[in-house]
Amino acid sequence: MADLEIKSAHVKVPNADLLISAYLAQPVGIGPFPGIIVFQEIFGVNEHIRAVTEKIAKMGYVAIAPALYQRTAPNFEVGYSEEDMTLGRHYKEQTKVSELKSDTQASLDYLKTLPSVKTTAMGCIGFCFGGHVAYLAATLPEIKATASCYGAGIVNWTPGGGEPSLSVTPEISGTIALLFGTEDPLIPNEQVNQIEAELQKHGIRHRVIRYPGATHGFLCDRRSSYNPEAAVDAWTQIQQLFDETLQSL
């Protein structure tokens with residue numbers, strides 16, 4: 001796995017009259033590099049998500065993590081206690097698909113203003129709630145590669161209400177990889193099978209990767225659910241997805 005020198009900054013992404021706080025990390029050098037949007041867990045753009053954004057930059061990508069709760073909880077950032085989880089879920093329930101997709105598009109547009117970004121090569125990755133958002137973002141035509149990591153609720157919920165997010169599957173035009181733990185109490189294996197069947201039904205380029213014994217949050221080394229063995233393989237799969245899909249564009 002590449003380990004390039006990087007630089008990072010806190011930036012503002014304009015979206016009409018909204019300024020979205022975001023964390024930007026990019027390789028040092030001229031590039032151009034593909035762009036990746038990083039979607040947070042319910043805990044905000046916290047230390048872990050900033051570290052993930054930097055990790056992706058070290059792999060050779062310009063990565064940006066926009067604050068998904070900008071409208072309701074600016075600068076929201078918490079840890080992993082039960083109290084933090086309750087608060088994070090509270091703000092998650094206030095999000096709407098239209099606003100999440102609008103903010104994603106604004107983040108894409110921001111990336112395209114950077115001279116270091118290859119504007120034809122865009123992808124995204126999300127974790128937990130962000131994994132669900134990544135599934136929705138995969139429907140944007142500019143998103144060519146998506147990694148959705150333990151995105152809960154895709155089968156039976158959508159932000160703001162309406163048809164479950166699984167219903168947008170036919171609109172996915174790029175390649176998507178979905179990573180799940182088989183012991184995840186928030187995402188029953190039957191739901192994973194449902195997602196896979198829907199992707200197959202509509203001929204979406206995809207890969208569903210299951211990690212036996214892993215539970216929710218297995219990629220987060222700040223959580224007790226962290227699974228080092230699964231995490232190492234998952235990052236290999238994620239880099240392979242981005243490299244094969246975006247580097248040649």
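If you filter segment 176-235 down to residues that are closer than 11 Å to C149 by Cβ and assigned to a strand (DSSP E or B), you find that the one that is farthest from the chain's Cα centre (by Cα) is Y211. One residue stands out in segment 207-233 among those that are touching a helix residue (DSSP H, G or I) at 6+ places or on another chain (Cβ under 6 Å) and under 21 Å from R50 (Cβ atoms): the one that is most open to solvent (accessible area, probe 1.4 Å), namely R222.
Output the residues belonging to segment 198-249 that are touching a Gly at 6+ places or on another chain (Cβ under 6 Å), aliphatic (A, V, I, L, M) and free of Cβ contacts under 8 Å to residues at least 40 places away in the same chain. Talk me through it step by step, then tell me what you get.
Residues of segment 198-249 that are touching a Gly at 6+ places or on another chain (Cβ under 6 Å), as a first pass: 211, 214-215, 218, 223, 225, 242, 246.
Right, trim to aliphatic (A, V, I, L, M) and you get 214, 246.
Answer for segment 198-249, where residues must be touching a Gly at 6+ places or on another chain (Cβ under 6 Å), aliphatic (A, V, I, L, M) and free of Cβ contacts under 8 Å to residues at least 40 places away in the same chain: just A214.
Within segment 41-66, the set of residues being part of a loop (DSSP other than H, G, I, E, B), within 26 Å of T113 (Cα to Cα) and more than 12 Å from the chain's Cα centre (by Cα) comprises N46, M59, G60, Y61. Per the listing T95, T113, T120, the residue uniquely at pLDDT 95 or above, within 25 Å of Y80 (Cβ to Cβ), out of contact with any strand residue (DSSP E or B) (no Cβ under 8 Å at 6 or more places or on another chain) and not hydrophobic (A, V, I, L, M, F, W, C) is T95.
Suppose we keep only residues that are part of a strand (DSSP E or B) and not small (G, A, S) within segment 122-153. Which one would you say is surrounded by the most Cβ atoms within 10 Å (Cβ to Cβ)?
C124
Among the residues of segment 7-59, count how many are more than 23 Å from N75 (Cβ to Cβ) and open to solvent by 30 Å² or more (accessible area, probe 1.4 Å).
The initial filter retains those residues of segment 7-59 that are more than 23 Å from N75 (Cβ to Cβ), namely 27-35, 58-59.
Now restrict to residues that are open to solvent by 30 Å² or more (accessible area, probe 1.4 Å): 28-33, 58.
The number of residues fulfilling the criteria is 7.
L249 meets the conditions (1) open to solvent by less than 60 Å² (accessible area, probe 1.4 Å); (2) under 27 Å from G31 (Cβ atoms); (3) part of a loop (DSSP other than H, G, I, E, B) in every case but one. The failed one is (1). Residue check: is L108 under 19 Å from I176 (Cβ atoms) and either in contact (Cβ under 8 Å) with a residue 40 or more places away in the chain or among the hydroxyl-bearing types (S, T, Y) (or both)? Criteria met by L108. Within segment 21-40, the only residue that satisfies the criterion of being without any contact (Cβ under 8 Å) to a residue 40 or more places away in the chain and either more than 18 Å from H10 (Cβ to Cβ) or part of a loop (DSSP other than H, G, I, E, B) (or both) is V28.
Restricting segment 154-175 to residues that are touching a Lys or Arg at 6+ places or on another chain (Cβ under 7 Å) and crowded, with 18+ Cβ neighbours inside 10 Å, which is farthest from E244 (Cα to Cα)? So, considering only residues that are touching a Lys or Arg at 6+ places or on another chain (Cβ under 7 Å) and crowded, with 18+ Cβ neighbours inside 10 Å, the one farthest from E244 (Cα to Cα) is P159. Just one of the listed residues (S107, S102) is out of contact with any Leu (no Cβ under 6 Å at 6 or more places or on another chain), assigned to a helix (DSSP H, G or I) and open to solvent by 40 Å² or more (accessible area, probe 1.4 Å), namely S102.
The values are calculated or read from the model by the stated rules, or taken from the named source; none is laboratory data. All of these numbers come straight from a predicted model, not from anything done at the bench. No Cβ is skipped: glycine too gets one built from the backbone with ideal geometry, and neighbour counts run over all protein chains shown. Surface accessibility is based on the protein's heavy atoms, side chains included, excluding ligands, DNA and RNA. Shrake-Rupley method; radii C 1.70, N 1.55, O 1.52, S 1.80 Å.
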